[in-house]
Amino acid sequence: MPTPSDSAPGPQETAVLRFVERFAMILTQSGLPRMPARVFAYVLADDAERYTAGELAAGLRVSPAAISGAVRFLVQAGLLGKEREPGARADHYRVYDDDVWSAITKQQDPIFERYDDVLSEGVELLDQTRPGGRRVRETLEFYRFMHAEMPMMMERWRQHRDSLFSADATPD
């Protein structure tokens, strides 16, 4: 009996794999390691709700060893959730949250706080009449502005998402 990696993929599988490679490339350029980027893009684009490491390996046509570190990275980063059924031996991985992008954005709060701490210290240390001091102050104010706006933007996103994906809404 052929395994998924031995048989030719169908049109939907081909489309998913093409998307995965393209989106993973962008995620990698944004700083995510390559294999975690591929796994995350696959879990995002494929139709199943949960995956074992073996299913991810078969779907991406890679070795199970390649998946192990990737899912560990994604779980630690809060991008994938890890579950295990009582009595089961295999872990299952899924997108962390139904609204994955809001969840990812919310995880940025501690980063904004660290930026604020370090930049505030920089503003105190640097001469504000000099170009470097002004740039640091502007950077501090930018991050404070973004952090303050984020809750309102997320609320607008939830409303927009609901209007797009509610049971009554029809896709475009």
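Quick one: Gly122 ticks every box in (1) of a type outside the set (A, V, I, L, M); (2) over 30 Å from Ala8 (Cα atoms); (3) assigned to a helix (DSSP H, G or I); (4) out of contact with any helix residue (DSSP H, G or I) (no Cβ under 6 Å at 6 or more places or on another chain) except a single one, so which number is it?
So Gly122 meets the others, but not (4).
Answer yes or no: is there a residue in the range 29-40 that is surrounded by 13 or more Cβ atoms within 10 Å (Cβ to Cβ), at negative phi, modelled with pLDDT of 95 or more and not in a helix (DSSP H, G or I).
Yes, the range 29-40 contains a residue that is surrounded by 13 or more Cβ atoms within 10 Å (Cβ to Cβ), at negative phi, modelled with pLDDT of 95 or more and not in a helix (DSSP H, G or I).
I'd like to verify a number: residues in the range 54-108 that are touching a residue at least 24 places away in the same chain (Cβ under 8 Å), in a helix (DSSP H, G or I) and hydroxyl-bearing (Ser, Thr, Tyr), how many?
Going through the range 54-108 one residue at a time, the tally reaches 2.
Which residue out of Tyr93, Tyr115 is surrounded by 15 or more Cβ atoms within 10 Å (Cβ to Cβ) and within 27 Å of Asp162 (Cα to Cα)?
Details: Tyr115 fails: within 27 Å of Asp162 (Cα to Cα).
Checking each option against the conditions leaves just Tyr93.
From Leu74, Leu79, grab the single residue that is at pLDDT 85 or above, in contact with a Leu (Cβ under 8 Å, 6 or more places away or on another chain) and surrounded by 15 or more Cβ atoms within 10 Å (Cβ to Cβ).
Matching residue, one of Leu74, Leu79: Leu74.
Any residue in the range 5-26 that is modelled with pLDDT of 95 or more, in contact with a helix residue (DSSP H, G or I) (Cβ under 7 Å, 6 or more places away or on another chain), surrounded by fewer than 19 Cβ atoms within 10 Å (Cβ to Cβ) and not assigned by TED's automatic domain parsing to the domain that holds Arg158?
Looking through the range 5-26, at least one residue is modelled with pLDDT of 95 or more, in contact with a helix residue (DSSP H, G or I) (Cβ under 7 Å, 6 or more places away or on another chain), surrounded by fewer than 19 Cβ atoms within 10 Å (Cβ to Cβ) and not assigned by TED's automatic domain parsing to the domain that holds Arg158.
The values are calculated or read from the model by the stated rules, or taken from the named source; none is laboratory data. Keep in mind it's a predicted model, so treat the numbers as computed, not measured. Cβ: placed from backbone, ideal geometry, glycine included. Neighbour counts: every protein chain shown.
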